[in-house]
Amino acid sequence: MSLQNRDKKHLWHPLTQHKLHPNAIAITKAKGCILTDENGNDYIDAIASWYTCMYGHCHPYITNRVAAQMQQLDQVVFSGFTHEPAVKLSEALIKILPENQNKIFFSDNGSTAVEVGIKRALQYHFNRGEKRQVLIAFEDGFHGDTFGAMSVSGLSVYNGPFEDFFIEVKRIPTPNSKNHNSILQMLQNIVSVNKVAGFVYEPLVQGAAAMKMYDVNGLELILKFCKENNIITVADEVMTGFGKTGKYFASLHLRTKPDIMCLSKALTAGLLPMAVTTCAQKIYDAFYSDEIGKGLFHGHTYSANPLACTAALASVELLQHETIQNNIMQISKLHQDFNEYIKTHPKVKSTRQSGVIFALDMNMEMERYGNLRDRLFKFFMANGVFLRPLGNTIYIQPPYVITQKQLEKIYKTIEESFAII
Ligand SMILES: Cc1ncc(COP(=O)(O)O)c(C=O)c1O
């Protein structure tokens with residue numbers, strides 16, 4: 001029996017209504033930018049497996065390092081113990097993070113990284129004797145699937161059964177060149193009647209909102225407002241982190257630095273699950289006390305797993321390598337050329353790009369997970385390209401090691417897909 005059929009017996013997949021989508025494609029191999037299925041079909045991984053495998057799949061620089069670490073130290077409790085992979089990773093991260101970031105806390109995935117960020121923002125005020133229980137977030141943000149992360153996610157299409165249990169969140173629109181004053185007025189109104197603990201945001205690009213990009217100057221004003229009101233700023237860079245927007249982190253495009261940052265996905269280049277929540281010294285200081293209860297009592301069994309830390313350290317080294325940095329520039333340039341070419345196509349409503357992220361909206365309305373989206377997905381796969389359209393948006397976020405030929409195939413397949421819509 002095929003893997004696809006055996007899968008149906010016991011497996012329950014994420015974000016899947018099994019009655020409508022019973023067939024999972026069985027992938028048996030991944031190398032560089034290519035995924036291979038059980039029937040021997042190849043697909044270019046045009047979204048780097050949800051933006052994780054940015055250096056290509058099974059990169060030997062990473063896999064060899066992890067294989068060696070496996071012989072040395074596999075796992076140890078991270079409360080009361082430490083180890084070289086975690087220490088080295090913290091040193092490497094601090095060198096590339098915005099200059100105010102000084103402490104690194106480990107967890108397992110993007111949602112838990114955000115959960116830690118939210119807890120820190122709430123407890124920061126609590127430890128200082130202030131009861132602040134409200135958060136601010138953007139309307140269309142997405143921050144993950146745990147309760148705190150769901151609460152701040154405005155994109156809550158599937159959160160219905162849980163909404164009654166959420167933290168109180170006030171929403172603001174993402175800034176554009178025309179709404180700065182109205183957003184500042186909204187913020188003023190919010191803080192005049194609420195005790196706001198923190199602001200959680202995806203800087204510059206909202207991934208799950210279909211790679212929605214927004215105005216950097218407006219974000220700068222919002223962050224400044226937060227600083228003036230001692231609202232803890234939590235930058236969710238789970239998607240944007242590690243080079244996607246052209247800089248190591250999207251927050252480096254801004255003058256005002258976040259108090260807290262959440263990172264995962266490309267952190268370990270897709271090899272192992274891990275996340276970190278970093279912060280400025282002032283946050284750490286608010287937890288540093290003779291009173292045990294003022295500490296951050298949050299911890300996962302696999303915190304700072306030595307193998308995941310080793311994968312992350314190798315990835316951070318690759319990110320800084322000249323070849324990868326040149327590739328990022330080259331992909332941005334090719335995206336720009338494709339953008340010029342495709343943006344006037346009658347089936348294209350709008351396009352946008354930031355670093356290696358390119359997105360286009362098709363000239364039509366469609367459901368986020370509707371029928372046309374399924375037909376497009378099938379068309380892309382039949383043509384050897386793995387893309388997952390979001391609503392009426394097709395986006396590309398390829399591994400940094402993608403070749404020009406592979407990228408051109410992705411562009412061509414997207415253009416050809418317009419014939420079926
Ligand atoms: C910006 C952002 N934050 C958080 C998450 C949640 O990460 P995870 O799926 O690893 O829990 C995602 C996932 O796509 C994300 O894009």
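The values are calculated or read from the model by the stated rules, or taken from the named source; none is laboratory data. Everything numeric here is computed off the predicted structure, so don't read it as measured data. Positions of Cβ are backbone-derived with ideal geometry, glycine not excepted, and every protein chain shown enters the neighbour counts.
How about the range 127-159: which of its residues are among the aromatic types (Phe, Trp, Tyr) and within 12 Å of the ligand (Cβ to nearest atom)? The answer is PHE138, PHE142.
When THR403, THR413 are checked against the criterion of being under 25 Å from LYS247 (Cα atoms) and over 19 Å from the mean Cα position of the chain (by Cα), THR403 stands alone in meeting it. Pairing each residue of the range 195-210 that is within 9 Å of the ligand (Cβ to nearest atom) with any residue that is modelled with pLDDT under 95, provided the two are 6+ apart or on different chains, yields C-beta distances under 6 Å for GLN206/ASP140; ALA208/LEU155. Of the residues making up the range 363-421, those that are modelled with pLDDT of 95 or more and acidic (Asp, Glu) are GLU408, GLU415, GLU416. Scanning the range 314-371 for residues that are hydrophobic (A, V, I, L, M, F, W, C), touching a Ser or Thr at 6+ places or on another chain (Cβ under 9 Å) and part of a strand (DSSP E or B) gives ILE357, PHE358, ALA359, LEU360, MET362.
Kindly establish whether ASP37 is buried (at least 16 other Cβ atoms within 10 Å of the Cβ), acidic (Asp, Glu), more than 16 Å from the ligand (Cβ to nearest atom) and within 30 Å of ILE331 (Cα to Cα). For ASP37, the condition - buried (at least 16 other Cβ atoms within 10 Å of the Cβ), acidic (Asp, Glu), more than 16 Å from the ligand (Cβ to nearest atom) and within 30 Å of ILE331 (Cα to Cα) - is met. Go through the range 210-225 residue by residue and tally those that are in a helix (DSSP H, G or I) and crowded, with 22+ Cβ neighbours inside 10 Å. Adding up the residues that qualify gives 3. The numbered conditions (1) more than 13 Å from the chain's Cα centre (by Cα); (2) within 13 Å of the ligand (Cβ to nearest atom); (3) surrounded by fewer than 24 Cβ atoms within 10 Å (Cβ to Cβ) are all true for GLU228 except (2). The residue list ILE136, ILE167, ILE190 contains one member that is touching a residue at least 40 places away in the same chain (Cβ under 8 Å), surrounded by fewer than 20 Cβ atoms within 10 Å (Cβ to Cβ), aliphatic (A, V, I, L, M) and not in a helix (DSSP H, G or I), which is ILE167.
For the range 295-311, state whether one or more residues are in a helix (DSSP H, G or I), touching a strand residue (DSSP E or B) at 6+ places or on another chain (Cβ under 6 Å) and surrounded by 15 or more Cβ atoms within 10 Å (Cβ to Cβ). No, the range 295-311 has no match at all. Residue count for the range 302-342 under the criterion of being without any contact (Cβ under 8 Å) to a residue 40 or more places away in the chain and within 29 Å of GLN71 (Cα to Cα): the result is 1. Of the strands (runs of 3 or more DSSP E) lying entirely inside the range 1-117, those containing at least 1 residues that are more than 22 Å from the chain's Cα centre (by Cα) span 27-31, 34-37, 42-45. Looking only at residues of the range 116-126 that are of a type outside the set (A, V, I, L, M, F, W, C) and surrounded by fewer than 23 Cβ atoms within 10 Å (Cβ to Cβ), we find that the one that is nearest to the ligand (Cβ to nearest atom) is LYS119.
Has the range 107-114 got at least one residue that is loosely packed, with under 14 Cβ neighbours inside 10 Å and out of contact with any strand residue (DSSP E or B) (no Cβ under 8 Å at 6 or more places or on another chain)? No, the conditions are met nowhere in the range 107-114. Checking TYR55, TYR43 one by one, the residue that is among the hydroxyl-bearing types (Ser, Thr, Tyr), closer than 22 Å to ALA382 by Cα, at pLDDT 95 or above and in contact with a Phe, Trp or Tyr (Cβ under 8 Å, 6 or more places away or on another chain) is TYR43 and no other. Of all positions in the range 27-36, none carries a residue that is under 16 Å from LYS378 (Cβ atoms), free of Cβ contacts under 8 Å to residues at least 40 places away in the same chain and charged (D, E, K, R). Tell me which residues, restricted to the range 249-285, are more than 16 Å from the ligand (Cβ to nearest atom) and among the hydrophobic types (A, V, I, L, M, F, W, C). Across the range 249-285, the qualifying residues are LEU252, LEU254, CYS279, ALA280, ILE283.
Within the range 240-248, is even one residue within 16 Å of the ligand (Cβ to nearest atom), part of a helix (DSSP H, G or I) and crowded, with 17+ Cβ neighbours inside 10 Å? There is no residue in the range 240-248 that is within 16 Å of the ligand (Cβ to nearest atom), part of a helix (DSSP H, G or I) and crowded, with 17+ Cβ neighbours inside 10 Å. Annotation for the range 99-108: no member residue is at positive phi and either in contact with a Gly (Cβ under 8 Å, 6 or more places away or on another chain) or within 16 Å of the ligand (Cβ to nearest atom) (or both).
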